[in-house]
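Asks: Please see the structure below; I have some questions.
The values are calculated or read from the model by the stated rules, or taken from the named source; none is laboratory data. It should be emphasised that the depicted structure is a prediction, and the values quoted were computed from it without experimental measurement. Glycine also receives a Cβ, built like all others from the backbone with ideal geometry; neighbour counts cover every protein chain displayed. In case anyone asks, the SASA skips ligands and DNA or RNA and just uses the protein heavy atoms, side chains included. Shrake-Rupley method; radii C 1.70, N 1.55, O 1.52, S 1.80 Å.
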Amino acid sequence: MRMYDLIYRKKTGGELDEDQIRAWIQGVTDGSVPPEQSSALLMAICWRGMSTAETLALTLAMRDSGARLDLSSVPGLKVDKHSTGGVGDKTTLILGPIVAACGVPCAMFSGRGLGHTGGTVDKFSAIPGLKVELAEAEFIRSLKETRFANSAQTAAIAPADRRLYALRDVTATVESIPLITASIMSKKLAGGAEALVLDVKCGSAAFMKSKEEAEALARSMVAVGKAHGMAIKALLTRMEEPLGWAIGNALEVMESVEILCGEHEDSVLAQLSFRLAAEMLVAGGGATSLAEGEAKVAGVIASGAALDTLKRFVALNGGDARALEDFTRLPQPIHEEVVTADRDGFVTAIDGRSLGLAAMELGAGRKDLSDPLDLGVGLRIHAPVGRFVKKNEPLLSVLSGGRFGPEPQTLASAFSLSPQAPPENPWLVGQIA
Ligand code: URA
């Protein structure tokens, strides 16, 4: 089989069969396919697309390019969640312990942050001592003892994806629905997920800007998951303003703990986390309906069982669980500067992307994967969308470690103020099952 023929076939609108796709991915993994040929095929896939059968074959070939976690010794359907990334999105820290406390094993792999969105691994790493990259035996022990495990993806999982992603990054071929689908789903399958809930974001601060694009990605991932026999559902959610009051790693741990303590229950962050958790319970067989799932979620928040699960997970994996009660044990910023409103008005919108980029400049995120993080810094939003503020009242605090370049008050421009209250704007814009 010649790579030239595969490239030509895809370029001219043909379909690749499973053997051809496997041969390509094998060559990517062992280095026998040169990057220029993979790049050409990636570009042809971007233009010509892939059928569900081709996307599934690519997903499975990428899954099989490296190690696969065997979670069969853990009873129950193992459930995971994937979010396409948002500013201030700390839902994993909240819903993982909730789902586990409801009795469903929650086996999650997460990423590090890059650009304006943060990564779950970085948020967990703000808890002193917590091991964020678990070996297989540690991951399984955590699942067995607390029903919750979260780890950074190890290099052994789906190595073909890492190589292809590096090529996609420099050849403008990231934005392709079959390639994104195979990249995400191959890692989830290799990680042992049997049930999956997707949170596909759309909006100005999301990867997918329009609802149509988000819906197409969700449909593609759900089709591949179902074709593989997975229990899978996608929610389409808005991502314009940051999720919650905290942007920055230790701050996001604090906010997650507050939500697990039953605070901020009307916030979009709490509602989204609770809904995703309820969907995970349904997908994982822990509830027979969404209403039952939601009741179970409310139960483990009220009883404190969800917070207790998070503490046990942290303690088991080397972390300081007391930091979840005494936030002074978490990394701290050095300076706080308050950004104020320049006039009276309702907050009608907050530009999540620009605040995400500001948090990155502060050191809460990375421009490059090798950048060091300052885990204590970030932004604290005082005036969420819908709040009326008077001139000179606080909009947000900039919590820095002394590395912030721009004048903090310039961040006031991320807040749109209007004499009229904003209309209700539901966070849930669709679902694909
Ligand atoms: N995240 C991934 O893991 N892969 C993609 O292709 C895009 C986002």
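Asks: So if I check each of Thr154, Thr92, which one is in contact (Cβ under 8 Å) with a residue 60 or more places away in the chain and assigned by TED's automatic domain parsing to the domain that holds Ser303? Spell out how you get there, then give the answer.
Replies: On the way: Thr92 fails: in contact (Cβ under 8 Å) with a residue 60 or more places away in the chain.
When all the criteria are applied, what remains is Thr154.
Asks: Restricted to segment 160-183, and to residues that are open to solvent by 20 Å² or more (accessible area, probe 1.4 Å) and in a helix (DSSP H, G or I), which residue is nearest to the ligand (Cβ to nearest atom)? Show your work before the answer.
Replies: The initial filter retains those residues of segment 160-183 that are open to solvent by 20 Å² or more (accessible area, probe 1.4 Å), namely 162-163, 165-167, 169-172, 175, 177.
Filter once more, keeping what is in a helix (DSSP H, G or I): 162-163, 165-167, 169-170, 177.
Working: Arg162: 10, Arg163: 13, Tyr165: 6, Ala166: 11, Leu167: 11, Asp169: 9, Val170: 14, Ile177: 10 Å.
Here the residue is Tyr165.
Asks: Right, another one. Can you tell which of Gly31, Gly49, Gly14, Gly27 is over 23 Å from Gly229 (Cβ atoms) and in contact (Cβ under 8 Å) with a residue 40 or more places away in the chain? Talk me through it step by step, then tell me what you get.
Replies: Values: Gly31 fails: in contact (Cβ under 8 Å) with a residue 40 or more places away in the chain; Gly14 fails: in contact (Cβ under 8 Å) with a residue 40 or more places away in the chain; Gly27 fails: in contact (Cβ under 8 Å) with a residue 40 or more places away in the chain.
Exactly one of Gly31, Gly49, Gly14, Gly27 is over 23 Å from Gly229 (Cβ atoms) and in contact (Cβ under 8 Å) with a residue 40 or more places away in the chain, namely Gly49.
Asks: Can you spot a residue in segment 198-211 that is modelled with pLDDT of 95 or more and among the small types (Gly, Ala, Ser)?
Replies: No, because not a single residue in segment 198-211 is modelled with pLDDT of 95 or more and among the small types (Gly, Ala, Ser).
Asks: Separate question: Let me confirm something: among Glu241, Glu212, which residue is away from the ligand (no atom under 16 Å from the Cβ), open to solvent by 10 Å² or more (accessible area, probe 1.4 Å), in a helix (DSSP H, G or I) and touching a strand residue (DSSP E or B) at 6+ places or on another chain (Cβ under 9 Å)?
Replies: None of the others qualify; the one that does is Glu212.
Asks: Count, please, the residues in segment 134-159 that happen to be assigned to a loop (DSSP other than H, G, I, E, B) and over 30 Å from Ser354 (Cα atoms).
Replies: 8
Asks: Got a number for residues in segment 192-206 being in a loop (DSSP other than H, G, I, E, B), at negative phi and more than 12 Å from the ligand (Cβ to nearest atom)?
Replies: Restricting attention to segment 192-206, the residues satisfying the condition of being in a loop (DSSP other than H, G, I, E, B) are 192-194, 203-206.
Next cut, at negative phi only: 193-194, 204-206.
With the extra rule that they be more than 12 Å from the ligand (Cβ to nearest atom), the set shrinks to 193-194, 204-205.
Selection size over segment 192-206: 4.
Asks: Every residue in segment 209-260 that is in contact with an Asp or Glu (Cβ under 8 Å, 6 or more places away or on another chain) and farther than 30 Å from Val398 by Cβ, please.
Replies: The answer is Met230, Ala231, Lys233, Ala234, Leu235, Leu236.
Asks: Would you pick out the residues in segment 360-389 that are among the charged types (D, E, K, R) and open to solvent by less than 20 Å² (accessible area, probe 1.4 Å)? Spell out the reasoning first.
Replies: Start the filter on segment 360-389 by keeping residues that are among the charged types (D, E, K, R), which leaves 361, 366-368, 371, 374, 380, 387.
Of everything in segment 360-389, just one residue is among the charged types (D, E, K, R) and open to solvent by less than 20 Å² (accessible area, probe 1.4 Å), namely Arg366.
Asks: Another question about this same structure. Out of curiosity, is Met221 open to solvent by 10 Å² or more (accessible area, probe 1.4 Å), in contact with a helix residue (DSSP H, G or I) (Cβ under 9 Å, 6 or more places away or on another chain) and in contact (Cβ under 8 Å) with a residue 12 or more places away in the chain?
Replies: Details: open to solvent by 10 Å² or more (accessible area, probe 1.4 Å): no; in contact with a helix residue (DSSP H, G or I) (Cβ under 9 Å, 6 or more places away or on another chain): yes; in contact (Cβ under 8 Å) with a residue 12 or more places away in the chain: yes.
No: the conditions fail for Met221.
Asks: In segment 18-56, how many are surrounded by 14 or more Cβ atoms within 10 Å (Cβ to Cβ) and of a type in the set (D, E, K, R)?
Replies: Going through segment 18-56, the residues surrounded by 14 or more Cβ atoms within 10 Å (Cβ to Cβ) turn out to be 18, 20-29, 33, 35, 37-46, 48-50, 52-56.
In the following step, the residues that additionally are of a type in the set (D, E, K, R) were identified as 18, 22, 48, 54.
The number of residues fulfilling the criteria is 4.
Asks: Could we say that Ile232 is closer than 29 Å to Val74 by Cβ and assigned to a strand (DSSP E or B) here? Break it down stepwise before answering.
Replies: Working: closer than 29 Å to Val74 by Cβ: yes; assigned to a strand (DSSP E or B): yes.
Judged against the criteria, Ile232 is a match.
Asks: Output the residue which, of all residues in segment 95-111 that are in a loop (DSSP other than H, G, I, E, B) and under 18 Å from Phe139 (Cα atoms), is farthest from the ligand (Cβ to nearest atom).
Replies: Applying the first criterion (in a loop (DSSP other than H, G, I, E, B)) to segment 95-111 yields 102-105, 111.
In the following step, the residues that additionally are under 18 Å from Phe139 (Cα atoms) were identified as 103-105, 111.
Numbers: Gly103: 29, Val104: 24, Pro105: 23, Gly111: 7 Å.
Ranking the qualifying residues of segment 95-111, first place goes to Gly103.
Asks: Could I ask something else about it? Among the candidates Gly96, Gly86, which residue alone is modelled with pLDDT under 95 and buried (at least 24 other Cβ atoms within 10 Å of the Cβ)? Reasoning before the result, please.
Replies: On the way: Gly96 fails: modelled with pLDDT under 95.
The match here is Gly86.
Asks: If Leu357 satisfies all but one of (1) open to solvent by 40 Å² or more (accessible area, probe 1.4 Å); (2) of a type in the set (A, V, I, L, M); (3) modelled with pLDDT of 95 or more; (4) not in a loop (DSSP other than H, G, I, E, B), what's the number of the condition it fails?
Replies: Answer for Leu357: the failing condition is (3).
Asks: Let me ask another. Would you please name the residue that is nearest to Pro333 (Cα to Cα), looking only at residues in segment 107-126 that are open to solvent by less than 10 Å² (accessible area, probe 1.4 Å) and either modelled with pLDDT under 95 or over 15 Å from the mean Cα position of the chain (by Cα) (or both)?
Replies: Ranking the qualifying residues of segment 107-126, first place goes to Ala126.
Asks: Here's something else I'd like to know. Consider segment 9-66. How many of its residues are small (Gly, Ala, Ser) and part of a helix (DSSP H, G or I)? Walk me through it before giving the result.
Replies: So the first thing to find is which residues in segment 9-66 are small (Gly, Ala, Ser), and the list is 13-14, 23, 27, 31-32, 38-40, 44, 49, 51, 53, 57, 61, 65-66.
Then drop every residue that is not part of a helix (DSSP H, G or I), which leaves 23, 27, 38-40, 44, 53, 57, 61.
Total satisfying the criteria: 9.
Asks: Of all residues in segment 264-288, which are more than 22 Å from Gly85 (Cβ to Cβ) and open to solvent by 20 Å² or more (accessible area, probe 1.4 Å)?
Replies: Glu265, Asp266, Val282, Gly285, Thr288
Asks: Right, Ala182: at pLDDT below 95, farther than 25 Å from Ala364 by Cα and among the small types (Gly, Ala, Ser) or not? Even if it seems obvious, please write down each step before you answer.
Replies: Details: at pLDDT below 95: no; farther than 25 Å from Ala364 by Cα: yes; among the small types (Gly, Ala, Ser): yes.
For Ala182, the condition - at pLDDT below 95, farther than 25 Å from Ala364 by Cα and among the small types (Gly, Ala, Ser) - is not met.
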